[in-house]
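**Q** My structure is below; once you've seen it, I'll send some questions.
Quick note: the coordinates plus some simple rules give every number you see, no bench work behind them. Keep in mind that what you see is a predicted model, and the values were worked out from it rather than measured. Every residue, glycine as well, gets a Cβ built from its backbone with ideal geometry; the counts of neighbours run over all protein chains shown.
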């Protein structure tokens, strides 16, 4: 009986590793600094994560190089005003598409990484069927006595 119980526990643990894992979205913060930088200036996140930009001092906004967003006191197109502002603004975006999204402050930067600029690199949130992000099936093995 004890041996059968141990095999059931091992089988359950193995099923958890191989089964459909749940991923949780994370939240990240980028500060528009008074020294004319974004901190951090480069950020790698998983698809589904949220990035919140916060004005930590100065006359700033955030605009994507591809014009997908322009935000400060809210975002253009979402009932807000994306124009640069000295207010203590903050806004959040959820990134669902994989890819590199460069951005800049319209007052102190320009597209393609000029001046006050940064980037968000959105990577796949895929978990391979072995339960590991690497897809390396040699990373673990289930054994039974």
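Quick grid of which residues meet (1) within 18 Å of the chain's Cα centre (by Cα); (2) surrounded by fewer than 17 Cβ atoms within 10 Å (Cβ to Cβ):
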{"residue": "50", "(1), (2)": "yes, yes"}
{"residue": "55", "(1), (2)": "no, no"}
{"residue": "61", "(1), (2)": "no, no"}
{"residue": "76", "(1), (2)": "no, yes"}
{"residue": "82", "(1), (2)": "no, no"}
{"residue": "92", "(1), (2)": "yes, yes"}
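**Q** Right, something else. For region 51-99, which fully contained strands (runs of 3 or more DSSP E) count at least 3 residues that are in contact with a strand residue (DSSP E or B) (Cβ under 7 Å, 6 or more places away or on another chain) and closer than 27 Å to residue 24 by Cβ? I'd like the intermediate steps shown before the answer.
**A** Working: elements: 62-64, 70-72, 90-94.
In region 51-99, the matching strands (runs of 3 or more DSSP E) lie at 90-94.
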